[in-house]
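Trainee: I have a structure here, written as structure tokens, and I will follow up with some questions on it.
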Amino acid sequence: MTEGSSLERNLGFTEAMTLGGGTMIGAGIFILPGLAAEGAGPASSISFGIAGLVALLAALSLAELATGMPIAGGSYHYVNRALGGLFGSIVGWGMWTGLMFASAFYMIGFGQYIVVPLPFLDGRALIVLIGLVGLAAITGLNYYGTDESSGAQNLMIGAELVVVLAYVAVGVFFIEPGNLAAFAPTGPTGIVATTGTVFVTYLGFEIIATVAGEIEDPGRLIPLTMVLSVVAVTLLYVVIMLVSTGVVPYQQLGGSLVPVSDVAAITMGGAVGVAAVTVAAAVAAISSSNSSILAASRVIYAMGRDGLMSDRLNVTHDRFATPHRAIIATGGVTGLLVLAGLQVAEIVALLAQVASFSFLVTYALVHVALVVFRRVDPEPYDPEFEMPGVLYPAVPVLGVLMAGVVISQMQPEVIVVGVGIVALGVVWYGGYARSRTVEDGLLGEAVRIAFEPGGIAFETVGGLFGRAEPSDATADAQPYRVVVPVANPTTQRRLLRLAAATARAHADDGEPELVAVHVTEARRSPDQNVESDRLNEQRDLLTVARGVAAEIGIDLDTRSAIADDPGEVILEVIRETDAEQAVLGWQGVVDGDDDGEVFGSTLDPVIERAPCDVALVEFEQEAIGKPVALVDAGPHAATVAQRAVDFATVDGETATLLTVQRSTDDVDPVKEGRRIIGWTANRADLDPEEYETEVVISDDVSSAIIDAVTGYDTVCVGLSERSDAERLEFGSTARRVSRDAPGNVAVVRGRELLEPDSRDRALADVAAGEDVP
Amino acid sequence: MPLTDGSTILVPVDVLNDERPATDLLTISDTVTLILLGYYPVPDQAPPAQLKADHEDDAQRRLEKLAATIDRDVTQRVVFTHDRDETVDRAAEEYDCDAILLPGSHTATDRVFVPLRGDDNLDRILSLVADLLRRDEATATLFHAATADKQAYGQSLLDDATDRLVDAGIDPARIDTRLATTDDPGTAIVELAHEFDILVVGETEPSLTDRILGRVSNRIADDVDRPAFVVRKP
């Protein structure tokens, strides 16, 4: 017995808080006080407050989206789903570059804290060199892979936190009120401009969303850890800024490369304090940079999953199982950014601002994504955490506005670089990704709903995870729709051709149109995270389906969904598209499979309850060729005959209607057989030239059928030999045909059932039978 | 209380490094139910889904290859995980396993060593021992180490355990008991374990993770290099 495979969620509260909160604290606490003091003086604590508010708004929106779709990729993933590949590309590239800029920012800070306190070291080159060494070490570590690192990580962040808390607690007593007298020397503009610099610190909680697919109890822990870490870190930073600028005048603090060491030299007993801060700063920089690289490789992975990034970048190492190419790429570009520190004096502030820019754009789009999801409310989107009513839509609206305000106050060169990164995402999408993605997002849908209140139709079934292509069929005539669930890449082409032929055979009843459905079965706990790994398959299948449809020249609409129960989704699509037929692939009879399922858990509900004709086709050979319909007294005989005639059009053949009769004394069996065929064809509205007739006389009906159908390529057989239509019954003849016939087998169930056949039927029918020569 | 037949045993297998527990060990008893848990260790650098996408088939194939060497039906499950111990813990819980098999490179399987700590968990331990003794060639040595003043209790523990195995239909000739006087049972177990082929030890810590990393089983894995069945607490 094989139970498949599954993914584990291993990140608990502590791990998530350490990843998120730890990255946030480490990110800036040792470097930002200098930059912030320079930009806004003591009022930079307000800058942190504003940045924290922007982050909190983003955290609320993100938490709702993340609990609705807890899979790897974070903001990128939600924006891509909601707004489509173009915005997905912008956010993906923005996050990746943002994380690289942030990582370079940490590593230069790392260099500063190592170089400045040591009297025999000096100079910008050395700072850059040490930053590069640190970066190389982190990149190497990630290349080889870490698995027990969370213990070490917790320890490091714990030590760092102790130093920071001691710094605050002791520092309070050294505050000189005079230093705080000129509280906001640069005024409101300076405060907002500084917000743009310090926002870099709030990349941390995004990391929680990035690993959302690995967090335990995601519905509770994701919102909790995101909001809690943002609030705690903001409070901490506000106090730290007040202490730092209170102890050392902001002008002096602003000019320092190691502001926290300068303060600690006064408050924490000189050299001891400096040493503690240096170690903590180094640890903080390393762990933040590490988290950024981890998050970056997940963003790249998520982009690859959606076809926005080359799979070659996402190859995992054979031995270390790490995405080593993505890690090297991230480390390499980060190294170049650190190197830029040789030429650019203001490098630290610029790196921080560009990273902030990217993430402000990202979060603004996340707010938009939330609005889109709420409006469209696609079926599989059911977040466990929902923003309380009073906050919506205030949170997303305010979030977008504030992001805009903060960006508007950034330095022109930062805005140029930031816009350049956005442009990169756009160009990448246009040049590389567009042809490879299937995601159109929900934006169009949301807009449509906005203009047509209540007009949300069946698109939602697949809207979230696939695209709903509006058909070209005109509104005045109802198209003749055939629903084709695709799941098996080897048979789907034949299935689609068959479905197309049968739809065209009914062109008189409406414009032929196919609806291809792919349902990814969501196996619940402990197999979480199915969405991510099977989207590729889904994309491939539907892309091929579109290709086949274009080849044949038939309208194709596609639906895709992730659901616990694929059969129910297929039924839903049949109902909502008002389909005339469903043509499904089927594996054939499995002997000894007595689990109460006739055709399998997916097919059973469809064949039992579909409000249309259903054909289950088992492919044994390439050609549909010459079909034969087994005509008997069963309730589906007319539909069976009809389908055989439809299928014959694939290869331009003529269908044969075949019946096996026992020899009896009271009637001529040949005559009786012809009567039955004629009656059935009449019921199916077939013209005599559309079919040929064959009557076989035998007392062993079952064997005779197998012998008789052996010469045909495709056998159509009714679902049941019983008239009891309510009960799903395969029927022994159908079962035997499926098992023994060499050709393709279609098991057919009609929407409308015939009355049980009886020889006392209307005499007119007998006449019809006698017309046949 | 009579011993129950047919313990359920979880066998964690590293499917990345294609680690293969000896087949002999897995076919050791016909009455046990085996759960093969193929775990694919995922480094922090990658989301599990990424490795699953790349290596699911490999992992399944390796586990199937192992399962094919065992001449009966086994439950197979592949898991992509950041944390092996937590996964083993969860799987043991999910499949209601009586014991977990920790691999060792020693290949013989005849002599079973069973250090008993006390009445705790004795039913499960003895049920598993009975399962292992269903093979004709197997022998078991029940062992208890205690300080000098606790010897009487130790003897009654061993006698009682022997009686229950005999009641379950095991030939008394194949059950041996040893009682040691020592202040350091752990060391005594490790020293003696070298004389045997496989071990059956009871869980010592409340949590399974602790136990796998815990004192006795850890020392056995490191020092003795014998395969060990770690019997879970009910």
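The values are calculated or read from the model by the stated rules, or taken from the named source; none is laboratory data. Predicted, not measured: the structure shown is a model, and the values here were computed from it. Virtual Cβ from ideal backbone geometry, glycine too; neighbours counted across all protein chains shown. Heavy atoms of the whole protein, side chains included, go into the accessibility calculation; ligands, DNA and RNA do not. Shrake-Rupley method; radii C 1.70, N 1.55, O 1.52, S 1.80 Å.
Trainee: From the list B:101, B:122, which residue is more than 14 Å from chain A (Cβ to nearest Cβ) and over 22 Å from residue B:19 (Cα atoms)? Please lay out each step first, then the result.
Mentor: Working: B:101 fails: over 22 Å from residue B:19 (Cα atoms).
Within the list B:101, B:122, the selection yields B:122.
Trainee: Listed residues A:283, A:238; which is within 29 Å of residue A:53 (Cβ to Cβ), at pLDDT below 90 and open to solvent by 10 Å² or more (accessible area, probe 1.4 Å)? Working first, answer last.
Mentor: On the way: A:238 fails: at pLDDT below 90.
Answer to the check: A:283.
Trainee: Still on this structure, please answer the following. Could you say which residue among B:197, B:184, B:167, B:176 is over 20 Å from the mean Cα position of the chain (by Cα) and modelled with pLDDT of 85 or more?
Mentor: On the way: B:197 fails: over 20 Å from the mean Cα position of the chain (by Cα); B:184 fails: modelled with pLDDT of 85 or more; B:176 fails: over 20 Å from the mean Cα position of the chain (by Cα).
From the options B:197, B:184, B:167, B:176, the qualifying one is B:167.
Trainee: Additional query: Of everything in the stretch B:25-62, what is in contact with a strand residue (DSSP E or B) (Cβ under 7 Å, 6 or more places away or on another chain), at the interface with another protein chain (Cβ under 8 Å from one of its Cβ atoms) and among the hydrophobic types (A, V, I, L, M, F, W, C)? Give them in sequence order.
Mentor: Result: B:42, B:49, B:51, B:59.
Trainee: Identify all residues within the stretch B:25-60 that are modelled with pLDDT under 80, among the polar types (S, T, N, Q) and open to solvent by less than 10 Å² (accessible area, probe 1.4 Å); write none if there are none.
Mentor: Matches in the stretch B:25-60: B:29 only.
Trainee: Take residue A:681 and decide whether it is of a type in the set (A, V, I, L, M), within 27 Å of residue A:607 (Cα to Cα) and either at pLDDT 85 or above or assigned to a helix (DSSP H, G or I) (or both).
Mentor: Details: of a type in the set (A, V, I, L, M): yes; within 27 Å of residue A:607 (Cα to Cα): yes; either at pLDDT 85 or above or assigned to a helix (DSSP H, G or I) (or both): yes.
So residue A:681 passes the test.
Trainee: Separate question: In the stretch A:301-324, what residues are within 7 Å of chain B (Cβ to nearest Cβ) and part of a loop (DSSP other than H, G, I, E, B)?
Mentor: Passing the criteria: A:316, A:320, A:321, A:322, A:323.
Trainee: Identify, by number, the condition in (1) over 23 Å from the mean Cα position of the chain (by Cα); (2) within 14 Å of chain B (Cβ to nearest Cβ) that residue A:334 doesn't meet.
Mentor: Unmet condition: (2).
Trainee: Can we say residue A:329 is of a type in the set (Gly, Ala, Ser) and within 14 Å of chain B (Cβ to nearest Cβ)? Don't jump to the end; show me each part of the working.
Mentor: On the way: of a type in the set (Gly, Ala, Ser): yes; within 14 Å of chain B (Cβ to nearest Cβ): yes.
Taking the combined requirement at face value, the residue satisfies it.
Trainee: Also: If you go through the stretch A:217-224 one residue at a time, do you hit one that is hydrophobic (A, V, I, L, M, F, W, C) and open to solvent by less than 30 Å² (accessible area, probe 1.4 Å)?
Mentor: As a first pass, look at the stretch A:217-224 and keep what is hydrophobic (A, V, I, L, M, F, W, C): A:221-222, A:224.
Still in the list and also open to solvent by less than 30 Å² (accessible area, probe 1.4 Å): A:221-222.
Checked against the condition, which is being hydrophobic (A, V, I, L, M, F, W, C) and open to solvent by less than 30 Å² (accessible area, probe 1.4 Å), the stretch A:217-224 yields at least one hit.
Trainee: Next question, about the same structure. Tell me which of these residue A:203 doesn't satisfy, since it passes every other one: (1) open to solvent by 50 Å² or more (accessible area, probe 1.4 Å); (2) aliphatic (A, V, I, L, M); (3) more than 14 Å from chain B (Cβ to nearest Cβ).
Mentor: (1)
Trainee: So, one more: Are there any pairs with C-beta distances below 9 angstrom linking a residue in the stretch A:571-582 that is at pLDDT 85 or above to a residue that is aromatic (Phe, Trp, Tyr), with the two at least 6 apart or on different chains, and if so which?
Mentor: Going by the 9 Å Cβ cut-off, the qualifying pairs are A:579/A:480; A:580/A:480; A:581/A:480.
Trainee: Oh, and also: So which of A:328, A:407 is closer than 22 Å to residue A:76 by Cβ, of a type in the set (A, V, I, L, M, F, W, C) and surrounded by fewer than 20 Cβ atoms within 10 Å (Cβ to Cβ)?
Mentor: Details: A:407 fails: surrounded by fewer than 20 Cβ atoms within 10 Å (Cβ to Cβ).
Exactly one of A:328, A:407 is closer than 22 Å to residue A:76 by Cβ, of a type in the set (A, V, I, L, M, F, W, C) and surrounded by fewer than 20 Cβ atoms within 10 Å (Cβ to Cβ), namely A:328.
Trainee: Here's a follow-up. Any residue in the stretch A:217-238 that's over 23 Å from residue A:37 (Cβ atoms): show its pairings with residues that are in a helix (DSSP H, G or I) and open to solvent by 50 Å² or more (accessible area, probe 1.4 Å) at Cβ separation under 6 Å, as long as the two are six or more apart or on different chains.
Mentor: Qualifying pairs under 6 Å: A:221/A:13.
Trainee: Which ones in the stretch A:180-192 are in contact with a helix residue (DSSP H, G or I) (Cβ under 6 Å, 6 or more places away or on another chain) and either basic (Lys, Arg) or part of a helix (DSSP H, G or I) (or both)?
Mentor: A:180, A:190, A:191
Trainee: Here's another thing I want to ask about it. Quick check on the stretch A:165-172. Is at least one of its residues part of a loop (DSSP other than H, G, I, E, B), assigned by TED's automatic domain parsing to the domain that holds residue A:294 and open to solvent by 30 Å² or more (accessible area, probe 1.4 Å)?
Mentor: Taking the stretch A:165-172 and keeping what is part of a loop (DSSP other than H, G, I, E, B), we get none.
Scanning the stretch A:165-172 turns up no residue that is part of a loop (DSSP other than H, G, I, E, B), assigned by TED's automatic domain parsing to the domain that holds residue A:294 and open to solvent by 30 Å² or more (accessible area, probe 1.4 Å).
Trainee: If you don't mind, there's one more thing I want to ask. Out of the residues in the stretch B:84-132 that are buried (at least 23 other Cβ atoms within 10 Å of the Cβ) and of a type in the set (Asp, Glu), which is nearest to residue B:229 (Cα to Cα)?
Mentor: Residue satisfying both the conditions and the ranking: B:98.
Trainee: Within the stretch A:291-300, which residues are of a type outside the set (Val, Ile, Thr) and facing another protein chain (nearest Cβ under 9 Å)? Lay out the reasoning, then the answer.
Mentor: So in the stretch A:291-300, the residues of a type outside the set (Val, Ile, Thr) come out as A:291-292, A:294-298.
Within the stretch A:291-300, A:294, A:297, A:298 meet the criteria.
Trainee: Pick out the one residue from A:590, A:519 that is in contact with a strand residue (DSSP E or B) (Cβ under 7 Å, 6 or more places away or on another chain) and at pLDDT below 80. Talk me through it step by step, then tell me what you get.
Mentor: Details: A:590 fails: in contact with a strand residue (DSSP E or B) (Cβ under 7 Å, 6 or more places away or on another chain).
Answer to the selection: A:519.
Trainee: Right, something else. Quick check on the stretch B:63-83: of everything there that is surrounded by fewer than 16 Cβ atoms within 10 Å (Cβ to Cβ) and at the interface with another protein chain (Cβ under 10 Å from one of its Cβ atoms), which residue is farthest from residue B:19 (Cα to Cα)?
Mentor: B:73
Trainee: Among the residues of the stretch A:656-678, count how many are of a type in the set (Val, Ile, Thr) and assigned to a helix (DSSP H, G or I).
Mentor: To start, the set of residues in the stretch A:656-678 that are of a type in the set (Val, Ile, Thr) comprises A:656, A:659-660, A:664, A:667, A:670, A:676-677.
Subset that is assigned to a helix (DSSP H, G or I): A:670, A:676-677.
Selection size over the stretch A:656-678: 3.
Trainee: Next up: Residues that are closer than 29 Å to residue A:311 by Cα and within 21 Å of the chain's Cα centre (by Cα): does the stretch B:19-32 have at least one? Give the steps one after another, and end with the answer.
Mentor: Step one: of the stretch B:19-32, the residues closer than 29 Å to residue A:311 by Cα are B:19.
From what is left, the residues that are within 21 Å of the chain's Cα centre (by Cα) are B:19.
Yes: one or more hits.
For (1) surrounded by fewer than 16 Cβ atoms within 10 Å (Cβ to Cβ); (2) part of a loop (DSSP other than H, G, I, E, B); (3) in contact with a strand residue (DSSP E or B) (Cβ under 7 Å, 6 or more places away or on another chain), each residue gets a yes or a no:
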| position | (1), (2), (3) |
| --- | --- |
| B:142 | no, no, yes |
| B:145 | no, no, yes |
| B:149 | yes, no, no |
| B:161 | no, no, yes |
| B:164 | no, no, no |
| B:180 | no, no, yes |
| B:189 | no, no, yes |
| B:192 | no, no, yes |
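Trainee: Out of all the residues in the stretch A:608-655, which are open to solvent by less than 20 Å² (accessible area, probe 1.4 Å) and part of a helix (DSSP H, G or I)?
Mentor: Keep residues of the stretch A:608-655 that are open to solvent by less than 20 Å² (accessible area, probe 1.4 Å), which gives A:610, A:612, A:614-618, A:624-625, A:627-631, A:634-641, A:643-648, A:655.
A:637, A:638, A:639, A:640, A:641, A:643, A:644, A:645, A:646, A:647, A:648 - these are the residues of the stretch A:608-655 that are open to solvent by less than 20 Å² (accessible area, probe 1.4 Å) and part of a helix (DSSP H, G or I).
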